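Below is one structure, written out as structure tokens; the observations come after it.
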Amino acid sequence: MADADPPPFWQAKRLDQMSEAEWESLCDGCGRCCLHKLRDEETGALAFTNVACRLLDLRTCRCHDYRNRRARVADCVTLRPDTLVGVDWLPPSCAYRRLAEGRDLPSWHPLITGDPSTVFTAGAAVVSRVISEDYAGDLEHHLVEWPGLDVPSRPRRSGS
């Protein structure tokens, strides 16, 4: 009887046991964590917007300056296993959140499919849904619900 293939690293290791490369590869590149959120000071309720950080490339959903993002955007959050506790704003499809909750990666995740474009074809990415903070104005005018959904429905294209 042949030995079974070992499970993938995300099933075999806890988040705090992963190498930096493994940790970084968990990001599916959806860009939803780079959207501005608003929190009600009285109730603590979280509201999502369709306004992206100015460093987010709205076509590729990747940071223009990932290495230096913290220096350029003071409130940019660096996700680490110890900083995930209490983070309630990651989308339900986020690999970091899913693994921390004991769930597996979604079927469209690039680590599953081997294809980084599956995040786009699944409708999980922010492409065609967001505006840069450079042009948005008042965030309260950009409240949306879809970033908090597991996989939002695909955006409608004009004329269809």
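What follows is calculated from the coordinates using simple rules that are stated; it is not laboratory data. Just so it is clear, the model here is predicted, and its values are computed rather than measured. All Cβ positions, even for glycine, are placed from backbone atoms using ideal geometry, and neighbour counts span all protein chains on display.
Points worth noting:
- Here's how it looks for Arg54: its modeled amide H is under 5 Å from those of Glu133, which are all 5 or more places away or on a different chain.
- Cut-off 11 Å between beta-carbons: net charge of the residues surrounding Arg98, Lys and Arg +1, Asp and Glu -1: -2
- Mean sequence separation of contacting Cα pairs (under 8 Å, at least six apart), scaled by the length of the chain, corresponds to a relative contact order of 30 percent.
- Shown in residue order for the range 41-49 are the 3J(HN,Hα) couplings computed by the Karplus curve 6.51 cos²θ - 1.76 cosθ + 1.60 at θ = phi - 60°: 5, 7, 9, x, 4, 9, 10, 8, 10 Hz (x for Gly and Pro).
- In the distance distribution for the chain, Cα-Cα pairs more than 19 Å apart total 58 percent.
- Each principal axis of the Cα cloud of the range 1-70 was evaluated for its coordinate range; sorted largest first, these ranges are 59, 32, 20 Å.
- Projecting label points 7 angstrom from Cα along Cα→Cβ for Asp82 and Thr60 puts them 3.2 nm apart.
- One decimal place: the segment Lys13-Asp115 gains 34.5 nm when fully extended, by the rule 0.36 nm per residue minus the C-alpha distance.
- Residue-by-residue Karplus 3J(HN,Hα) for the range 19-31, coefficients 6.51, -1.76, 1.60, Hz, glycine and proline x: 6, 4, 5, 5, 4, 4, 5, 5, 5, 7, x, 6, x
- Electrostatic dipole magnitude of the range 27-148 [Cβ: Lys, Arg +1; Asp, Glu -1; Cα centre; debye, to 20]: 520 debye
- Efficiency of FRET between Leu38 and Arg67 - r from beta-carbon atoms, R0 30 angstrom, step 0.05: 0.60
- Relative packing of 144-151, 92-99, which averages over residues the other C-beta atoms within 10 Å, highest first: 92-99, 144-151
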